[in-house]
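K.L.:
One structure is given below, represented as structure tokens, and several questions about it will come after.
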Amino acid sequence: MGKLTIIGNDKPVIGKQEMYSVAAINGWQNPLQSIKNPLQVQKAHWEVMVQTKTGWRKGGSDKEGQMVPYIFGQKSLFHKGIKIIVRQGEDYGELIVHPQRAKEPKITRVELLDANYKPIPKGKKLSYKDTIIARAYCVEMFEMNIAFTLWEDDAQGEGHNPTINALNKINPVPVLSRVNEKGMAEAVFRLPFYTMAVLIANSRTASGDKNEGPTHEYYVTADVVSKHIQKASPNINVVNPTHNPEPPRKREVPKKQTPSPPKPKTTPAPEKPKPKPDGNSAKFPVTTGGKKSDDPQGKILSAEFVDGNGNRLHSSKVGTAVAVKITAKGMKNKKVKIKIWEEDNFSWTNDLIHEKDCVLVGDTSFVGVLLTKEMFDKAKEFGTDSARQDYFIEVIHNDTSVKSAIMPVSADATPTEVPSGNSATMVKESKQGKTPSSCICKEQYKDLIWGGKVSCEFRKKVVQICSELWGESRKMEMANGLMAVMKVETWGSFKAHHREGYKSANDNPKELTISSFHKESAKSSRAVGLIQFTQDALEGMGEFPKSTTATKGTQLRYDNLNKLKLSYAQMGEIKQLDKVKKYFEPAKNKIKTPEDIYLQVFAPDGVGKNDNYLLYSKGTDEYTNNRSVDKNDDGIQRKEILERYYDSKNEGGNYKAIDFSCGIDRNEKNDIKSTDIVTYHIYSTGIIEKFIPKKVKSGYENKYKYIYHDSTDKEHEICIVDWHKTKEKSVGQVYKTKPTHAKILEDKNVSEGNTSRRVKYINGDIAEYGSHPKKGIIWLLYSAGKNDVELVRMPDTLNYSNGDVRISYIFNKTQRKFTGANAFAGFIGYLARSGYKVTTSGSCFSEGSSFPSQEHCNGRSVDTFYLGNIIQDQKVIDSAIFFHFTEVLKGVNEYCKKLKRAGNGGTLHNSHLHSGNFNNSSIKIIKEK
């Protein structure tokens, strides 16, 4: 056997492609040298191995060839060792590589998967009943938020043209996901939920095509929320359900024609490449018919031409001095480039006529522009002969961008089969003759280690805590870590009354007394509970006052400490999990891995350190107490302490739950009382289900029932409301005078909060007039769309209270008492989760308009006034986010600056919180068979 040498970079930068080649010691396999008989050279086979605790294992796909490419991802930084192996016949060689961190964050690629998390083969046709999973591979972006957007592609070929596809966004609100420690973020797109997708796809065709054809092409873009970084996936095909193939044409016999004399050939002058708008920038048309493209980062909110008084201009003349008004969020002192383009509405081309760099001075900035004759003539040079030109403004604040490939979609494609038990992505109707899952744990938490040792309620609460602390995308990974920790600390009992020194919880918590605590230990440091709460832990949580010279060691202090520990032992596991969460909250940002959870409990000094970090030196009390884990008699390292955790984690896989008994089986539960009415079931875990019975009771056809399930799965019937359909409305457009664009059906004065006049048009549009808190007296025009939306009439007040569940609100000076049926379910959930009585200024009016708000149309948002208490208002914000409101905005005053996790809503939101853009795809639809 000969020895092979691998030529290549042994310190590759993650995310960057490196080439590796093979050479023998005698050099004849070196690809740089000539080979006398290439046919005699055997193929080189390559593989990558990664080092784990138990040894080396395969870490990537195999390759063949004399020279092969490798790209090492973020995950490679977490392996103890990595080596590349090459085999050529009987010869062998290896190269140890040490991946290096990248200097700049980036998204390397976006991959599209089916509902089974398998890559979608190129050219495969999908159905509009399918689910698509987008996975972004990221570098140096751990815990950064990624915004995923689904697009239908009208560009020619496999590339993507952001200008052509500007109106083809399928999901109006980006799907957010956080990058995990492996450098991946994922988003789920359930095509059945995007009811407008087919309409959007068919509304425009690619240049040169007569129609969309049998398939639609889709792709996904992934944008970093905090930076302007984007990547796009390849295209996939989805079958077009509306396509009707054209019948074959009859062949016509061509008429005989006299040939014309040949024209002399001329060589055309080479054309200069025309500049194009940046595909990742914000674009704002001057006219309402123009094509708008929102800033993917959400930082540039609007740009418009205004006069000297700041009033928007809908038209202007050559030679006029105007200003570009830019409204931005968090962009003070940031440099941007402003470009003005002329748009040819016939050829759909764009001609750059002006550009300028400037620095934004705040949330609102003005940049002067003179509309010169040279600008007008410049557009004419590109073929615009009209005396009227349409301009749009482009604002660019970064140049980095990345996209996914395209995917086509079609009606005759077979939906992807999802094996039973897969946690994939679609909610399916139960089949005849089969009993649906009787427990939500079976669907959601079946893979939780040690799950078979605890109750369904315990499982749900552990996962819920980890979701709140470390994010939805990492909840199961961190929950498994927390379960492994609690197993170690309670010796496998998972009991709240487990105490230090006992291998099992051998006491009945009801029989525990203060004397039993005194009797068993003279030490005040004895620990108790699921993670063994010590005196230091209780002091750090603020549960017990810190020691002082006057109180340290006194009998009274000792008694009080034991009383507190007794209360912990007697409170039960579910309530004590709240204390577990409280313990981790201050350190949640530095806890990056499940191993860090264990270190935070056992040895906080080791959190975030490398495996060789020395935790306890010889001669210390801590070393003496844990001496058994010191293998080399050189002090206790982090990796030695973690062995208990790894043993627990590995063993816990054998104790996953088998029996499930939550009892959320719609066919078996008789006390739901919702078999005769469409019912929303809202769970404390954040899950919302819309149950549609086979037959609705007479008189309930236009009513919905809302039921809340608390942490014990007890049902709370909240209300029954009326619902109706209306045409969806677009975001309100500002007018200084009454719009006169269509025939008026009704024009009447009203007294509805800020709204004093309402005009209804024959085309379904609605214009409302009144006082806007920031813009003064204005009109807002809400244009009607083609699709219907469901709105419910909210009760005038809600004041439900039962046990620990409180769901309560009142309206204040508003008649905007309608909202989206799905959004109302989310609103009830977040009221229950926060537990406070709130005052609301409502959502929208009965036909989807929402003056003075431009954004509350169709009942997609609701406003609530601040409670005036930072802790309470923060809980309201967290609850709104937990129950799927994706746009939560706060004000900018000193009070609002103390609130976290809410976006900047400007001075308009100094008085109230905006909870908007409810994620309708979070609702699971269950139809009774």
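The values are calculated or read from the model by the stated rules, or taken from the named source; none is laboratory data. From a predicted model like this one, the values you see are computed outputs, not experimental measurements. We place every Cβ from the backbone using ideal geometry, glycine too, and count neighbours over all the protein chains shown.
K.L.:
Considering the range 865-895 alone, what residues qualify as being of a type in the set (Gly, Ala, Ser) and within 22 Å of GLU689 (Cα to Cα)?
P.N.:
Selection gives SER879, ALA880.
K.L.:
What number of residues within the range 86-141 satisfy the criterion of being of a type in the set (A, V, I, L, M) and more than 18 Å from GLY73 (Cα to Cα)?
P.N.:
Our first condition is that a residue be of a type in the set (A, V, I, L, M); within the range 86-141, this holds for 86, 95-97, 102, 107, 110, 112-113, 115, 120, 126, 132-134, 136, 139, 141.
Within this subset, residues satisfying the condition of being more than 18 Å from GLY73 (Cα to Cα) are 86, 113, 115, 120, 126, 132-133.
Of the residues in the range 86-141, 7 are of a type in the set (A, V, I, L, M) and more than 18 Å from GLY73 (Cα to Cα).
K.L.:
Further question: Quick one: in the range 347-379, of everything that is of a type outside the set (A, V, I, L, M, F, W, C), surrounded by fewer than 13 Cβ atoms within 10 Å (Cβ to Cβ) and closer than 25 Å to ALA166 by Cα, which residue is modelled with the lowest pLDDT?
P.N.:
In the first step, residues of the range 347-379 are kept if they are of a type outside the set (A, V, I, L, M, F, W, C); the result is 347, 349-351, 354-357, 362-365, 368, 372-374, 377-378.
Now narrow it down to the ones that are surrounded by fewer than 13 Cβ atoms within 10 Å (Cβ to Cβ): 347, 357, 362, 368, 373-374, 377.
Restricting the remaining residues to those that are closer than 25 Å to ALA166 by Cα gives 347, 357.
Numbers: SER347: 41, ASP357: 80.
Among those residues, the one meeting the criterion is SER347.
K.L.:
I'd like the residue in the range 837-879 that is among the basic types (Lys, Arg) and surrounded by 17 or more Cβ atoms within 10 Å (Cβ to Cβ) and, out of all such residues, is farthest from ASP804 (Cα to Cα).
P.N.:
To start, the set of residues in the range 837-879 that are among the basic types (Lys, Arg) comprises 837, 860, 875.
Then drop every residue that is not surrounded by 17 or more Cβ atoms within 10 Å (Cβ to Cβ), which leaves 860, 875.
On the way: ARG860: 28, LYS875: 16 Å.
My answer is ARG860.
K.L.:
Only one of (1) crowded, with 19+ Cβ neighbours inside 10 Å; (2) over 15 Å from the mean Cα position of the chain (by Cα); (3) closer than 19 Å to SER473 by Cα fails for PHE148. Which number is that?
P.N.:
Failing condition for PHE148: (2).
K.L.:
When only residues in the range 470-527 that are farther than 20 Å from ASP578 by Cα and at pLDDT 70 or above count, which is surrounded by the most Cβ atoms within 10 Å (Cβ to Cβ)?
P.N.:
Ranking the candidates gives SER473 first.
K.L.:
If you don't mind, there's one more thing I want to ask. Do we have any residue at all in the range 171-188 that's surrounded by 16 or more Cβ atoms within 10 Å (Cβ to Cβ), in a loop (DSSP other than H, G, I, E, B), of a type in the set (D, E, K, R) and modelled with pLDDT under 70? Even if it seems obvious, please write down each step before you answer.
P.N.:
The first filter runs over the range 171-188 and keeps only residues surrounded by 16 or more Cβ atoms within 10 Å (Cβ to Cβ), leaving 171, 173-188.
The next check asks that each one be in a loop (DSSP other than H, G, I, E, B); those that pass are 171, 173-174, 179-183.
Remaining after also requiring of a type in the set (D, E, K, R): 181-182.
Keeping just the survivors that are modelled with pLDDT under 70 gives 181.
The answer is yes; a qualifying residue exists.
K.L.:
Going by the structure shown, is SER628 among the small types (Gly, Ala, Ser) and at pLDDT 80 or above? Can you show your working first?
P.N.:
Working: among the small types (Gly, Ala, Ser): yes; at pLDDT 80 or above: no.
The answer is no for SER628.
K.L.:
Let me ask something else. Just to check your reading of the model, which residue among SER698, SER756, SER771 is out of contact with any helix residue (DSSP H, G or I) (no Cβ under 8 Å at 6 or more places or on another chain), assigned to a strand (DSSP E or B) and free of Cβ contacts under 8 Å to residues at least 60 places away in the same chain?
P.N.:
From the options SER698, SER756, SER771, the qualifying one is SER756.
K.L.:
Under 6 Å between Cβ atoms, at least 6 apart or on separate chains: pull out the pairs that start in the range 171-189 with a residue that is on the phi > 0 side of the Ramachandran plot and end on any residue that is part of a loop (DSSP other than H, G, I, E, B).
P.N.:
GLY183/GLY73
K.L.:
Of all residues in the range 787-824, count the ones that are on the phi < 0 side of the Ramachandran plot and either among the polar types (S, T, N, Q) or more than 28 Å from the chain's Cα centre (by Cα) (or both).
P.N.:
Going residue by residue through the range 787-824, those that are on the phi < 0 side of the Ramachandran plot are 787-802, 804-812, 814-824.
Subsequent filtering for residues that are either among the polar types (S, T, N, Q) or more than 28 Å from the chain's Cα centre (by Cα) (or both) retains 787, 793-802, 804-806, 808-812, 814-817, 819, 822.
Residues meeting the conditions: 25.
K.L.:
With LYS673, LYS703 as the choices, which residue is assigned by TED's automatic domain parsing to the domain that holds VAL792, at pLDDT below 80 and of a type outside the set (S, T, N, Q)?
P.N.:
Values: LYS703 fails: at pLDDT below 80.
It is LYS673.
K.L.:
Continuing with the same structure: Please pick out the residue among GLN570, GLN600, GLN555 that is touching a Phe, Trp or Tyr at 6+ places or on another chain (Cβ under 7 Å) and of a type in the set (S, T, N, Q).
P.N.:
Values: GLN570 fails: touching a Phe, Trp or Tyr at 6+ places or on another chain (Cβ under 7 Å); GLN555 fails: touching a Phe, Trp or Tyr at 6+ places or on another chain (Cβ under 7 Å).
Step by step, each of GLN570, GLN600, GLN555 is checked, and only GLN600 is touching a Phe, Trp or Tyr at 6+ places or on another chain (Cβ under 7 Å) and of a type in the set (S, T, N, Q).
K.L.:
Would the range 644-659 turn up any residue that is modelled with pLDDT of 90 or more, assigned to a loop (DSSP other than H, G, I, E, B) and not hydroxyl-bearing (Ser, Thr, Tyr)?
P.N.:
Within the range 644-659 (the criterion being modelled with pLDDT of 90 or more, assigned to a loop (DSSP other than H, G, I, E, B) and not hydroxyl-bearing (Ser, Thr, Tyr)), the answer is no, since none of the residues qualifies.
K.L.:
Listed residues ALA767, ALA742; which is at pLDDT below 90 and hydrophobic (A, V, I, L, M, F, W, C)?
P.N.:
On the way: ALA767 fails: at pLDDT below 90.
Checking each option against the conditions leaves just ALA742.
K.L.:
I would also like to ask the following. When both residues are 6+ apart or on different chains and their Cβ atoms are under 7 Å apart, which pairs have a first residue that lies in the range 86-104 and is more than 14 Å from ALA23 (Cβ to Cβ), and a second that is modelled with pLDDT of 90 or more and among the charged types (D, E, K, R)?
P.N.:
ILE96/LYS83; VAL97/LYS83
K.L.:
If you take the residues in the range 297-331 that are modelled with pLDDT of 75 or more, of a type in the set (Gly, Ala, Ser) and surrounded by 14 or more Cβ atoms within 10 Å (Cβ to Cβ), which one is farthest from TRP341 (Cα to Cα)?
P.N.:
ALA328
K.L.:
Of all residues in the range 880-892, which are crowded, with 19+ Cβ neighbours inside 10 Å and over 20 Å from the mean Cα position of the chain (by Cα)?
P.N.:
Answer for the range 880-892, where residues must be crowded, with 19+ Cβ neighbours inside 10 Å and over 20 Å from the mean Cα position of the chain (by Cα): just GLY891.
K.L.:
Let me ask something else. Find the residue count for the range 597-634, including only residues that are out of contact with any helix residue (DSSP H, G or I) (no Cβ under 8 Å at 6 or more places or on another chain) and surrounded by fewer than 12 Cβ atoms within 10 Å (Cβ to Cβ).
P.N.:
8
K.L.:
When the range 896-924 is examined, which residues are found to be over 23 Å from LEU301 (Cα atoms) and exposed (fewer than 14 other Cβ atoms within 10 Å of the Cβ)?
P.N.:
Taking the range 896-924 first, the residues over 23 Å from LEU301 (Cα atoms) are 898, 920-924.
Correct list: LYS898 only.
K.L.:
Moving on to the next point. Filter the range 42-65 down to the residues that are buried (at least 17 other Cβ atoms within 10 Å of the Cβ) and modelled with pLDDT of 85 or more, then identify the one that is farthest from MET19 (Cα to Cα). Steps first, please.
P.N.:
First, the residues of the range 42-65 that are buried (at least 17 other Cβ atoms within 10 Å of the Cβ): 44, 46, 48-50, 59-60, 63.
Still in the running and modelled with pLDDT of 85 or more: 44, 46, 48-50, 63.
Values: ALA44: 14, TRP46: 12, VAL48: 14, MET49: 17, VAL50: 19, LYS63: 12 Å.
Residue satisfying both the conditions and the ranking: VAL50.
K.L.:
Out of the residues in the range 701-729 that are basic (Lys, Arg) and outside any loop (DSSP other than H, G, I, E, B), state the one that is surrounded by the most Cβ atoms within 10 Å (Cβ to Cβ). I'd like the intermediate steps shown before the answer.
P.N.:
Residues of the range 701-729 that are basic (Lys, Arg), as a first pass: 703, 705, 714, 725, 727, 729.
Filter once more, so that each one left must be outside any loop (DSSP other than H, G, I, E, B): 703, 705, 725, 727, 729.
Details: LYS703: 16, LYS705: 20, LYS725: 11, LYS727: 19, LYS729: 25.
Once the filter is applied, the top-ranked residue is LYS729.
K.L.:
Considering only the range 447-456, state which residues are modelled with pLDDT under 85 and within 26 Å of the chain's Cα centre (by Cα).
P.N.:
Within the range 447-456, just ASP447 meets the criteria.
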